[in-house]
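A.B. asks: Just dropping this structure here.
The values are calculated or read from the model by the stated rules, or taken from the named source; none is laboratory data. Please read these numbers as outputs of a predicted model, since none were measured by experiment. Note: ideal-geometry Cβ built from the backbone for every residue, glycine included; neighbour counts use all protein chains shown.
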Amino acid sequence: MISYKSFIKTYIKARKFPPNKDQENIIQAGPGDSLFVVAGPGTGKTASIALRILKLIFVDGIPPQGILATTFTVKAAAELRSRVLGWGFQLLEEFSKDKSIPSVTREKLAKIDINQIITGTIDSICQQLLSEFRDPGTQPPVMADEYVSKTLLLREGLLTGGRYNDVDLDNFLLDLHGGSRWGYHIGSKNNLMKSLWERRYQDQVKWSSFLSSAPPTEGTARQVADYVLSDYHSALTTRGMVDYTLLEQEVLSRLTSGKFTEFSERIQVILVDEYQDTNLLQESIYFEFAKACKGAFTVVGDDDQSLYRFRGATVELFSDFDNRYNSHFGSHPTKIFLTTNYRSTQNIISFTNSYATLDTSYQSVRVSAKPPLAHGPTAPQGTPILGMFRDNVDDLAEDLGDFIHQIFRGSGYLLPDGNTIQRNANGDLGDCALLCSSPAEYSSGGNERLPFLVRENLRSRTPAIEVFNPRGQDMERIELVEIFGGLLLECLDPGGVIETTVSGLPQDMTNTFQRWRDQAIDFVSDPAVPPGLEDLAVGWADRDPNKLGHKWPESVPLLDLIYGLVHFFPALHDDPEGQIYLEVFTRQVSACEQIGKFSGRVVTDPSNPGLSDASVKELIRDFLGPIAGGVVSVNEDLMEAFPRDRFCIISTHQSKGLEFPLTIVDVGSDFKTNHGAHAFKRFPKKGSLPHILEDLLRPFTSLHAPSRSVTDRAFDDLYRQFFVAFSRPEQVLLLVGHTKTFPGGKVSNVATGWDRDDVCQWAGALPFIQI
Amino acid sequence: MQLSIRPKVYSLPPYSLTGDLLGFIRCGLQYRYTRIGQLPASRPVQMWFGQFIHGILEESFRRFDEERKKGTINLPPWPDSELDDICDLIQKRLAAQGLFPWTLELEKQGRARAKTAINELGPELFPLIHRAEVRLTGARALPLAKIPVPYQFREADRYEMVGVIDVITHVQLSDPLLKKNKLVKKIVAALPKHPPDKFEIIIDYKGMRRSTISGKGGTGPNYWKIYDWQVQTYAHLRRSHEDSLPVVAGIILYVNELHPTRRDLTELKKEISSKLTDVVPDSGSKIEDILDKWKRRDPVPSLPFDFRLDRALKVVTISDASIDTALNKFDNIVATIEICRGKELQHGRVLSSWDKNATDGGTCASCDSRTFCPDYTKENSPKLPAVKI
């Protein structure tokens, strides 16, 4: 096609941003080369992959449909595709005007359809494969989303025969839960079973060996767990459905048995971004594709930013990629480090670098010979790292509220060094975010946490600032959800008469139902109740159309009731945050439509009250039950964008891939003491679910038992979590926490400089200034 | 020091021709709730039927094609048992996606239309099909000049246009097997000039009646033109595919016309008398006589296949100029959607941010947001479910 020199010259002309030497090594590598790219935060990895793809197309002549590029999240996949297309078209325009390129070549270039490049998440690619390259006579599988799969697992697996109450299973799951009964309920049991199910496939567990090798105390529990999962599997299969785990497993099985040859023959190069979050199942799929490409496989990632062990990620697959690739292809990939950070100030980069090297033991699990991040050529020294530590969380919320309000609604915040932080004239609250381990507004004991107090504080100021934190509360405890859920219950089953006949409803679920009902009754009894709401609710409760010459229909979609009630709640139909809650309700109804006998409908047949009651029972159990039980909740994919005019509180996981001019990181607002209950969030004494599951299952996989202890892995994950949080800001990083967790204080905390030997490395020389 | 502004997300928004652009044209607010918010419709009748008929035709062709690849040409009509088998399969597939016909009547109607489409249209259509369900993508410049700066919430200079062509037919006029093909004859007759010997036509199935001409008879969106633009855009995207032949025309195939119901015939008679439809029986013809004499409560009369096929087909000729017009129309719609999205992000409100269209009574009557939609005034509080005794 064209020379690399012309390609890169045209790119620089169009984008005005030349790649650095390391980036060029990625872009320039030959089409058949395999690359192992270790890219720190803000080092332009997406740009480098996009340019490599474009170089493969325009220089090496690889047809776009021969390139498969995947990444971990839908958002990241969209961004990668956008860059390839956006820059690709810009380059094509430039090529078309460049007379130094022979006209024959320009004509060839003009015919290239860049859109044909295959991008997406591994799941979207698998879905595409199974629907477009299916065998004759077979059906494309129907995807069971999270709502359907969790409902089926609950109904067919745990509720069947009251298995959720089985003592052996209960003890087994309690161990996975960490041994404490805090927050241990039917929803968490369901989630634990789901994790076990997923991990079984993600780690390619030899399941029968796992079952037969149980210690005597656990044999029955494993057997019951197997019944739960088998029934769940059957429920999916009989409906022609697959969940995401089975989807990937199915694709792997077909690939290894030589199917999808039409697709495999087309693929010439494969690139995978965010490879640090890959699991064994996905790695196996990628290696099958890579075989078809004769090893032309590029992986990009950063072990320091691996956050998804709880979703099955095995970071060692990335850090050991060199050897794993070699064992498949008999050669080593070229290792390239991207180290120049173009995002942050020098102070922030320096702080992040020291943090990454703070703990000696952590260094042994990082990619070998990893250099520190370097700052970009124009990066300013920047504002020092700031720290706000207070004696109690109320004071912290007050001062943090003041900080935010002064910057975004006032004349700026004066720092001790005389500088003032001001918002941009065109900026707004969207330029800032509070990152927390958990954005929950209440602790499991019901105490108000920093996210709640900041919300209240900002709301009380003039002008008031609203907070965007859809995951701030367990959904079933949000007042709006309680009232709405209670109204649905009272309309469907006034007084809970039918509810008492639903077999196997766990106590915590019925307790929530009762709380919802009480809230709804209070709401309707209030003089300020919206006019018309009570009439609608009473009409539904009595199944009385309240219209002369008419009767109640024999079958009514539940959505009729939902949308009827939504009419009275502007917070649900006019507020983007409320829309997210409504979406959870409607997605759960859709799940009922797909898997229920009554397809999400309310039957009213006076001649057959048993049938009518059965339809309501199904809705209580399969629609409202999973929401009340915390089985389903607000999903990250429901939150498309953050509003610019609200103060966003997000988890560090949600912040992955994002950057903010001002980033506030909660490093310990909860930690007043060295209490063991929150040790896992600051200074772990043991592992949590993903680590326990690894120890449980990995001996029955080709990965074998982990070499590091659960506690060490828990420490490693915490360092990674705060490394990600600390590397989000562009200009200002503010650490906030309780005074007790101040460096060198009484509470050990990896986020404030402790290494795992319980020595605070920051104690002598604070890496921040106090405000 | 002054904070910078958080960089906008770099993303080329993908816009599908049917789900996004046609959905937004129907009503912006409804589009916000159902497409962006993914709120399901309480009565997705049209969606069920549309997907049912698409699924049926795809599966039928797949079966025909599998036999053809083995050397056997097994054209419809097929026995009822096989047709039922196909209908059962597609119905099951849709049910697994949460789509149901809801009433027995709709299910019977859907099946009857599907069987007619396979048995009567299939023999003409299937031999012409080159590919079915063809995914299309293309990029267009994002019309930034039409989006006020405060509402430009993303960093992008293009948008991605995506669509799926139901069927691409390859036609070789010299092929003796196609000499008697009614579809080919009608297509060629509708073209302004004689096409090249080898060409392709793209076909888009519509699970609905034929649109009224030039949007007459209503104040809402002009679907007569909008569907034309859709096909023109498909043609534009298809041209970049390596296996494409010259795309001379697109066909909009109004499947319901192949098996009209009483309601369809009532509408047809109204449209004929008010000159709102372009395919009418010849004056003094037997068909005209049948329609004149037919009363609403009479059984549906048997109309000749040729007439029904004429009603079902709308041939849209393709040219560079017509494609440009269509693309510009869609660019404008994309700009409007982007503005609405930007407004919602800026102001944190849904109702005031999105364009509403309360001109199409049918769309509003089945919309689940109708009682709180500020522009729809006929119903301002939810009603209790009721049926006449």
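A.B. asks: Mind checking which residues of region A:670-717 are assigned to a loop (DSSP other than H, G, I, E, B), under 29 Å from A:LYS740 (Cα atoms) and among the hydrophobic types (A, V, I, L, M, F, W, C)? Please lay out each step first, then the result.
C.D. replies: Quick first cut of region A:670-717, residues assigned to a loop (DSSP other than H, G, I, E, B) only: A:670-675, A:683-688, A:701-709.
Still in the list and also under 29 Å from A:LYS740 (Cα atoms): A:670-675, A:683-688, A:709.
Within region A:670-717, A:PHE671, A:PHE683 meet the criteria.
A.B. asks: Let me spell it out: the conditions are (1) touching a residue at least 24 places away in the same chain (Cβ under 8 Å); (2) more than 30 Å from A:GLN276 (Cβ to Cβ), and A:PHE642 meets all of them except one. Which number is the exception?
C.D. replies: Status for A:PHE642: all satisfied but (2).
A.B. asks: Please indicate, with yes or no, whether at least one residue in region B:202-215 is under 17 Å from the mean Cα position of the chain (by Cα), among the hydrophobic types (A, V, I, L, M, F, W, C), buried (at least 18 other Cβ atoms within 10 Å of the Cβ) and in a helix (DSSP H, G or I).
C.D. replies: The answer is no, given that none of the residues of region B:202-215 is under 17 Å from the mean Cα position of the chain (by Cα), among the hydrophobic types (A, V, I, L, M, F, W, C), buried (at least 18 other Cβ atoms within 10 Å of the Cβ) and in a helix (DSSP H, G or I).
A.B. asks: Could you tell me whether region A:510-519 includes any residue that is among the hydroxyl-bearing types (Ser, Thr, Tyr) and at the interface with chain B (Cβ under 9 Å from one of its Cβ atoms)?
C.D. replies: The first filter runs over region A:510-519 and keeps only residues among the hydroxyl-bearing types (Ser, Thr, Tyr), leaving A:510, A:512.
Checking which are at the interface with chain B (Cβ under 9 Å from one of its Cβ atoms) leaves us with none.
The answer is no, given that none of the residues of region A:510-519 is among the hydroxyl-bearing types (Ser, Thr, Tyr) and at the interface with chain B (Cβ under 9 Å from one of its Cβ atoms).
A.B. asks: Scan region B:35-58 and report the pairs whose first residue is farther than 20 Å from B:LEU258 by Cβ and more than 13 Å from chain A (Cβ to nearest Cβ) and whose second residue is aromatic (Phe, Trp, Tyr) and outside any helix (DSSP H, G or I), with Cβ atoms within less than 7 Å and a gap of 6+ or a chain change.
C.D. replies: none
A.B. asks: Can I ask one more? Can you find even one residue in region A:665-682 that is at pLDDT 95 or above, β-branched (Val, Ile, Thr) and more than 22 Å from A:ARG471 (Cβ to Cβ)?
C.D. replies: Scanning region A:665-682, I find no residue that is at pLDDT 95 or above, β-branched (Val, Ile, Thr) and more than 22 Å from A:ARG471 (Cβ to Cβ), so the answer is no.
A.B. asks: Then there is this: Pairs under 9 Å by beta carbon, first residue at the interface with another protein chain (Cβ under 7 Å from one of its Cβ atoms) and in a helix (DSSP H, G or I) in region A:420-434, partner of a type in the set (Lys, Arg) and surrounded by 18 or more Cβ atoms within 10 Å (Cβ to Cβ), six or more apart or different chains?
C.D. replies: Going by the 9 Å Cβ cut-off, the qualifying pairs are A:GLY430/A:ARG644; A:GLY430/A:ARG646; A:GLY430/B:ARG6; A:ASP431/A:ARG423; A:ASP431/A:ARG644; A:ASP431/B:ARG6.
A.B. asks: Can A:ALA614 be described as away from chain B (no Cβ under 14 Å), touching an Asp or Glu at 6+ places or on another chain (Cβ under 7 Å) and among the small types (Gly, Ala, Ser)?
C.D. replies: On the way: away from chain B (no Cβ under 14 Å): yes; touching an Asp or Glu at 6+ places or on another chain (Cβ under 7 Å): no; among the small types (Gly, Ala, Ser): yes.
Here the answer is no, as A:ALA614 does not meet what is asked.
A.B. asks: Test B:ALA114 against the stated conditions and say whether it is surrounded by 19 or more Cβ atoms within 10 Å (Cβ to Cβ) and within 13 Å of chain A (Cβ to nearest Cβ).
C.D. replies: Details: surrounded by 19 or more Cβ atoms within 10 Å (Cβ to Cβ): yes; within 13 Å of chain A (Cβ to nearest Cβ): no.
No: the conditions fail for B:ALA114.
A.B. asks: Among the candidates A:GLU456, A:GLU398, A:GLU441, which residue alone is crowded, with 20+ Cβ neighbours inside 10 Å, charged (D, E, K, R) and either modelled with pLDDT of 95 or more or farther than 30 Å from A:LEU558 by Cα (or both)?
C.D. replies: Numbers: A:GLU456 fails: crowded, with 20+ Cβ neighbours inside 10 Å; A:GLU398 fails: crowded, with 20+ Cβ neighbours inside 10 Å.
Going through A:GLU456, A:GLU398, A:GLU441 in turn, the sole match is A:GLU441.
A.B. asks: Sticking with this one: Would you confirm whether any residue within region A:86-103 is part of a loop (DSSP other than H, G, I, E, B), basic (Lys, Arg) and facing chain B (nearest Cβ under 10 Å)? Steps first, answer last, please.
C.D. replies: Taking region A:86-103 and keeping what is part of a loop (DSSP other than H, G, I, E, B), we get A:98-102.
Next, from what is left, pick out any that are basic (Lys, Arg): A:99.
If we keep only those that are facing chain B (nearest Cβ under 10 Å) too, we end up with none.
No, region A:86-103 has no match at all.
A.B. asks: A further question on this structure: Identify the residue in region A:234-280 that is outside any helix (DSSP H, G or I) and of a type in the set (S, T, N, Q) and, among all such residues, is nearest to the other protein chains (Cβ to nearest Cβ). Reasoning before the result, please.
C.D. replies: Taking region A:234-280 first, the residues outside any helix (DSSP H, G or I) are A:239-243, A:257-260, A:267-274, A:278-279.
Checking which are of a type in the set (S, T, N, Q) leaves us with A:257, A:268, A:278-279.
Numbers: A:SER257: 21, A:GLN268: 16, A:THR278: 24, A:ASN279: 27 Å.
Selected residue: A:GLN268.
A.B. asks: Being within 14 Å of another protein chain (Cβ to nearest Cβ), at pLDDT 95 or above, surrounded by fewer than 23 Cβ atoms within 10 Å (Cβ to Cβ) and part of a helix (DSSP H, G or I) is true for just one of A:GLY539, A:GLY578. Which residue is that? Spell out how you get there, then give the answer.
C.D. replies: Values: A:GLY578 fails: at pLDDT 95 or above.
A:GLY539 is the lone residue from the list that is within 14 Å of another protein chain (Cβ to nearest Cβ), at pLDDT 95 or above, surrounded by fewer than 23 Cβ atoms within 10 Å (Cβ to Cβ) and part of a helix (DSSP H, G or I).
A.B. asks: Restricting to region B:317-371, name every residue that is free of Cβ contacts under 8 Å to residues at least 24 places away in the same chain and under 29 Å from B:ALA235 (Cα atoms).
C.D. replies: B:SER319, B:ASP320, B:ALA321, B:ASP324, B:ASN328
A.B. asks: Answer yes if at least one residue in region B:320-332 is farther than 30 Å from B:PRO246 by Cα and out of contact with any strand residue (DSSP E or B) (no Cβ under 6 Å at 6 or more places or on another chain), and no otherwise. Quick ask: steps written out before the conclusion?
C.D. replies: Our first condition is that a residue be farther than 30 Å from B:PRO246 by Cα; within region B:320-332, this holds for none.
Within region B:320-332 (the criterion being farther than 30 Å from B:PRO246 by Cα and out of contact with any strand residue (DSSP E or B) (no Cβ under 6 Å at 6 or more places or on another chain)), the answer is no, since none of the residues qualifies.
A.B. asks: Taking region B:28-48, which residues are under 16 Å from the mean Cα position of the chain (by Cα) and assigned to a loop (DSSP other than H, G, I, E, B)?
C.D. replies: B:PRO44
A quick yes/no check of all residues on (1) away from chain A (no Cβ under 13 Å); (2) assigned to a loop (DSSP other than H, G, I, E, B); (3) hydroxyl-bearing (Ser, Thr, Tyr); (4) free of Cβ contacts under 8 Å to residues at least 40 places away in the same chain:
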| site | (1), (2), (3), (4) |
| --- | --- |
| B:SER60 | yes, no, yes, no |
| B:ARG63 | no, no, no, yes |
| B:ARG68 | no, no, no, yes |
| B:LEU83 | yes, no, no, yes |
| B:ILE90 | no, no, no, yes |
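A.B. asks: Output yes when any residue across region B:134-148 is within 14 Å of another protein chain (Cβ to nearest Cβ) and assigned to a helix (DSSP H, G or I), and no when none is. So that I can check it myself, show each step before the final result.
C.D. replies: Here is the first cut: in region B:134-148, the ones within 14 Å of another protein chain (Cβ to nearest Cβ) are B:134-142, B:144, B:148.
When the remaining residues are screened for being assigned to a helix (DSSP H, G or I), the result is B:144.
Within region B:134-148, one or more residues are within 14 Å of another protein chain (Cβ to nearest Cβ) and assigned to a helix (DSSP H, G or I).
A.B. asks: Just wondering, is there one or more residues in region A:606-628 that are at pLDDT below 90 and among the small types (Gly, Ala, Ser)?
C.D. replies: The answer is no, given that none of the residues of region A:606-628 is at pLDDT below 90 and among the small types (Gly, Ala, Ser).
A.B. asks: Quick check: is even one residue across region A:622-631 under 30 Å from A:MET143 (Cα atoms), within 14 Å of chain B (Cβ to nearest Cβ) and in a helix (DSSP H, G or I)?
C.D. replies: Yes - at least one qualifying residue is present in region A:622-631.
A.B. asks: Anything in region B:1-13 that is facing chain A (nearest Cβ under 8 Å) and within 16 Å of B:ARG341 (Cα to Cα)? List them, or say none. Before the answer, list the steps.
C.D. replies: Going residue by residue through region B:1-13, those that are facing chain A (nearest Cβ under 8 Å) are B:1-7, B:9-12.
Within region B:1-13, B:VAL9, B:TYR10, B:SER11, B:LEU12 meet the criteria.
A.B. asks: Moving to a separate point now. From A:VAL736, A:VAL667, A:VAL732, which residue is part of a strand (DSSP E or B) and within 14 Å of chain B (Cβ to nearest Cβ)? Give the derivation first.
C.D. replies: Details: A:VAL736 fails: within 14 Å of chain B (Cβ to nearest Cβ); A:VAL667 fails: within 14 Å of chain B (Cβ to nearest Cβ).
Being part of a strand (DSSP E or B) and within 14 Å of chain B (Cβ to nearest Cβ) holds for just one of A:VAL736, A:VAL667, A:VAL732, which is A:VAL732.
A.B. asks: For region B:320-338, does any single residue satisfy the condition of being more than 20 Å from B:ASN222 (Cβ to Cβ) and within 14 Å of chain A (Cβ to nearest Cβ)?
C.D. replies: yes
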